[in-house]
Every structure is written in structure tokens, then in C-alpha cells.
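Reviewing the structure listed below.
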Amino acid sequence: MSAHKYVPWRNVRGWTCIRCGLCCMRYLVSITLGEAMYYQVKYGPVVFRKDDKYYLLMKPDGSCIFLRKYNGIAYCAIYNERPIVCRLYPFYISKKPLRDEENAAYRYNGVEIYVYIDAVCPGINRGLNIKYAVDNAVKMWFRYQL
């Protein structure tokens, strides 16, 4: 599995999901305990636990168990119920900077946080103005208090 390559949000012009599915094939999908319980009840054995963390199972090819592809376009079989980390990807938001504090800093409702974007995502520097995309990701992050 590839590693994330986080860059500060101010170093990116825009972002849009191009439905390539690479994020669903590249990383383990970490989920909260609540999400794990929900998915187990609704979908059966689709979760595993490792080092006190929960993850969605992967298919033999290493992709997420819920990834589907039709005509080269990626679809999530549980799109409306997908985990918060999937909703936030490619954004990584933290209360502490990873590095480059100045370009990652973001103030929301008087609170300073740090926003990074996974540069391996092919949707980087396309589509939506980055400020708009970051605003939406930050609002969601605060709603779920990750």
C-alpha cells in the first residue's frame, strides 16, 4: 500500500474527485467504533480490528470491499453511508501541524487547525477552487470532531 504524501492546502490550486478509485485501492480504510458496529450489523463481516483500530475488509486485490468499477469509473457501494475518512479524503485535518505550519494553517470559528491534502490523489489541482473544497472538508471535520 502506498503512503500518503501530505502537502499544505495553500500549495494546491483546486480539487475534484475524478472517480478513479485509487484511494479505495491504495489505503486501508480506518473507521470509528460506531461505524464498525453499524457496518457489521448492516452488512455482516466487513470489518476487522488491528492494534485497537477498526478497518473495512479488503478484497483479494487490496481494494476496499465496497469499491465497484463500471466502465472505468469507480463507485462506492455504500456511498451515502461511507466512512468519515472516505468523505474527507484527500484532506487530512489536524489540531497540530505535520510540517509547514504557515501554509497549512486554517482558522475556523476562532480555532486554528492545519489542513493537508494527499498529493497522490489525481484530482489535485483540478476542479473546485481549493478554498471552497477546504471549507467543506473543515466543516465536516468539525461536525464529526475527529
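Hey, in the chain, which Cys have no second cysteine's beta-carbon closer than 4.7 Å?
So, Cys17, Cys20, Cys23, Cys76, Cys86, Cys121.
What is the fewest-to-most order of Cys121, Cys86 by other Cβ atoms lying within 10 Å of their Cβ?
Fewest-to-most ranking of Cys121, Cys86: Cys86, Cys121.
Rank these for me by crowding, Val46, Val111, Val7, going from fewest to most other beta carbons within 10 Å.
Val111, Val46, Val7
Would you work out the charge dipole size for the chain about its Cα centre, treating the Cβ of every Lys and Arg as +1 and the Cβ of every Asp and Glu as -1, and quote it to the nearest 20 debye?
280
From zero up to wherever the largest Cα-Cα distance of the stretch 6-144 sits, split into 10 Å bins and tell me the percent of pairs in each.
Going from the shortest bin to the longest, the percentages are 11, 38, 35, 15, 1.
I want to verify a result. In a Gaussian network model of the chain, Cα cutoff 10 Å, which of these has the top mean-square fluctuation: Ile130, Ile113, Ile73?
Ile73
With θ set to phi - 60°, apply the Karplus curve 6.51 cos²θ - 1.76 cosθ + 1.60 along the stretch 47-60 and write out the HN-Hα couplings as whole Hz, x wherever there is a Gly or Pro.
Each residue of the stretch 47-60 in turn: 10, 9, 10, 8, 6, 6, 10, 10, 9, 6, 5, 10, 6, x Hz.
Can you sort Lys69, Lys96 from fewest to most other Cβ atoms within 10 Å of each residue's own Cβ?
Exposure proxy ranking, most exposed first: Lys96, Lys69.
Could you pull out every residue, at least 5 positions away or on a different chain, whose amide H is within less than 5 Å of the one on Gly14? Hs are placed 1.01 Å off N in the peptide plane, and Pro or chain starts have none.
Asn125, Arg126, Ile130
Taking H placed 1.01 Å from N in the peptide plane, check which residues at least 5 places from Tyr6 or on another chain put their amide H under 5 Å from its amide H.
Ala119
To the nearest 10 degrees, how steeply does helix 33-43 sit against the main Cα axis of the chain, on a 0 to 90 scale?
Relative to the chain, helix 33-43 is tipped by roughly 40 degrees.
Every read-out reported here was derived from the displayed coordinates using simple, explicitly stated rules and does not represent laboratory data. The structure presented is a predicted model; accordingly, all values stated were derived computationally and were not measured. Virtual Cβ from ideal backbone geometry, glycine too; neighbours counted across all protein chains shown.
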